[in-house]
Amino acid sequence: MTIFAPNPDATATSTLSSLIRRRRPGFSLEAEFYTDPTVFAADLDAVFGRHWIFVATEAEIAEEGDYVTVTVGKASVIIIRDDDFEIRAFRNVCRHRGARLLNEERGSVGNIVCGYHQWTYSPDGSLLHAKDQPADFDKSCFGLRSVSVRSEGGLIFICLAAEPPNDFDEVSARIEAYLGPHQLTNTKVAAQIDLVEHANWKLVMENNRECYHCEAGHPELTCTFFPTYGHAVEDIPTRLLPAHARYLQAEHDLETACSDRGYPYELIHELTGRPSAFRIQREALDGAGESYTIDGTAASQKLLGDLDTPRLGRLSLHHQPNMWSHFLADHAVVFSALPLDVDRTLVRTTWLVHSDAVEGEDYDLDNLTAVWKMTNAQDAGLCALAQTGVSDPGYLPGPYAPSESDVDDFVTWYIERLSEVVEP
Ligand code: 3BY
Ligand code: FES
Ligand code: FE
């Protein structure tokens with residue numbers, strides 16, 4: 001009797017390659033991309049295992065010994081500031097018999113001590129002490145396994161690959177020219193909120209990359225965020241023309257303010273075709289034009305860095321695959337999306353204010369966080385609707401509107417990455 005035993009890896013590869021081949025640019029992805037555990041496993045490898053991922057801000061680890069732990073797929077990573085003030089990242093796995101080392105999401109340590117047999121590591125990763133070992137035991141062979149880490153103007157990225165994509169060096173110089181005036185390394189965390197969205201991580205990212213849903217979906221955000229986002233000037237719908245007229249005036253004022261101060265504001269749009277793909281631009285805000293509040297006035301009276309005007313709009317940075325962020329004159333709000341399961345994603349939002357800003361004096365926490373708290377809750381609802389819909393046998397991929405071109409770019413970037421690891 002012959003028993004047919006299919007090779008599961010080969011089956012998965014052929015499923016993935018045909019899904020990739022069938023991808024129709026300009027249309028949303030087929031359901032399996034959002035629902036199939038095989039695709040999810042491939043995403044963890046091809047995207048989260050090989051590319052620069054945004055995970056934290058320097059403000060979260062301000063002092064020596066401060067750390068955060070982040071989970072990327074099955075991997076736990078420690079991000080810690082060592083005694084020389086360097087930022088380091090390590091696998092959160094003991095070099096003795098593998099026990100998880102740090103079990104809290106954040107904290108501060110003198111050294112990292114394993115709870116199992118007390119091997120003790122310095123914040124720089126070196127093994128300091130392993131009790132009762134033979135005289136020839138070489139501690140230098142058992143330091144923590146390092147993970148590539150870099151800070152871009154205060155934004156911390158890690159890469160789990162042995163050889164991270166090297167095009168970030170070129171990207172970082174350009175990003176830092178924009179971020180520089182906001183001096184993120186001189187900020188503190190005013191608030192950080194984790195939201196578990198019931199949606200595949202790509203639905204969360206796709207939702208962020210468009211504002212087609214903003215007019216109906218985000219009444220508070222659109223007090224200041226122009227809903228014309230993503231529209232080509234010639235395609236602005238009639239109902240948005242008054243908003244567009246306000247935008248043009250506000251843009252003119254913003255460009256003057258930036259030129260006077262030597263701040264770059266032009267759009268750089270490189271969301272596909274490279275591993276470290278990004279988009280950055282400084283754009284005007286509606287209302288008072290200062291911040292994400294209902295009337296657009298600054299939420300913190302202590303401006304970031306040495307900024308001398310609150311009217312600098314929003315400097316927005318989108319980096320593939322998992323971040324979006326907005327740097328205002330008075331605060332910054334940064335987001336990371338990390339996959340938890342095929343249909344669950346952690347969205348972490350961090351609000352940063354000047355290190356010297358005092359809660360209750362310079363800013364009111366509710367006022368600072370209100371707009372994006374509501375916006376995040378609205379987005380979570382929309383993404384959950386999308387996950388439910390794409391999981392329904394009735395789902396068919398549908399066409400992106402012209403203003404959703406950054407969604408198409410996100411998906412194109414993703415398919416490029418998947419194609420690098422899946423055999424055609
Ligand atoms: O966070 C962003 O980047 C914005 C908010 C609304 C739509 N999206 C492009
Ligand atoms: Fe960490 Fe033994 S597993 S000291
Ligand atoms: Fe949204």
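The values are calculated or read from the model by the stated rules, or taken from the named source; none is laboratory data. Small disclaimer: the values here were computed from a predicted structure and weren't measured. Using ideal geometry, Cβ is built from the backbone for each residue, glycine included, and neighbour counts are taken over all protein chains shown. These accessible areas exclude ligands, DNA and RNA; they are computed on the full protein's heavy atoms, side chains included. Shrake-Rupley method; radii C 1.70, N 1.55, O 1.52, S 1.80 Å.
So here's what we get for this one:
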{"read-out": "Within the stretch 201-222, tally of residues that are away from ligand 1 (no atom under 12 Å from the Cβ) and surrounded by fewer than 17 Cβ atoms within 10 Å (Cβ to Cβ)", "value": "2"}
{"read-out": "Cβ-Cβ under 9 Å pairs, at least 6 apart or on other chains, the stretch 124-149 side free of Cβ contacts under 8 Å to residues at least 24 places away in the same chain, far side outside any strand (DSSP E or B) and open to solvent by 90 Å² or more (accessible area, probe 1.4 Å)", "value": "SER126/SER140"}
{"read-out": "Criterion (under 24 Å from the mean Cα position of the chain (by Cα) and either outside any loop (DSSP other than H, G, I, E, B) or within 16 Å of ligand 3 (Cβ to nearest atom) (or both)) met by exactly one of GLY273, GLY230", "value": "GLY230"}
{"read-out": "Strands (runs of 3 or more DSSP E) contained in the stretch 73-153 and holding at least 1 residues among the acidic types (Asp, Glu), away from ligand 2 (no atom under 13 Å from the Cβ) and crowded, with 18+ Cβ neighbours inside 10 Å", "value": "148-152"}
{"read-out": "Pick from the stretch 160-196, criterion open to solvent by less than 10 Å² (accessible area, probe 1.4 Å) and under 26 Å from GLY73 (Cα atoms), ranking: nearest to ligand 3 (Cβ to nearest atom)", "value": "VAL171"}
{"read-out": "Of all residues making up the stretch 11-31, the number that are under 13 Å from VAL407 (Cα atoms) and open to solvent by less than 40 Å² (accessible area, probe 1.4 Å)", "value": "3"}
{"read-out": "Failed item in (1) out of contact with any Cys (no Cβ under 7 Å at 6 or more places or on another chain); (2) part of a loop (DSSP other than H, G, I, E, B), with PHE225 passing the rest", "value": "(1)"}
{"read-out": "Boolean, ASP306 is assigned to a loop (DSSP other than H, G, I, E, B), modelled with pLDDT of 95 or more, more than 16 Å from ligand 1 (Cβ to nearest atom) and over 12 Å from the mean Cα position of the chain (by Cα)", "value": "no"}
{"read-out": "Some residue of the stretch 354-363 being more than 22 Å from PHE48 (Cβ to Cβ), under 25 Å from the mean Cα position of the chain (by Cα) and open to solvent by 40 Å² or more (accessible area, probe 1.4 Å)", "value": "yes"}
{"read-out": "In the stretch 367-380, the residues that are more than 10 Å from ligand 3 (Cβ to nearest atom) and open to solvent by 40 Å² or more (accessible area, probe 1.4 Å)", "value": "ASN367, LYS373, MET374, ALA377"}
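Residues checked against (1) open to solvent by 50 Å² or more (accessible area, probe 1.4 Å); (2) over 15 Å from ILE175 (Cα atoms); (3) touching a helix residue (DSSP H, G or I) at 6+ places or on another chain (Cβ under 6 Å):
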residue: ARG274; (1), (2), (3): no, yes, no
residue: ILE294; (1), (2), (3): yes, yes, yes
residue: HIS319; (1), (2), (3): no, no, no
residue: VAL342; (1), (2), (3): no, yes, yes
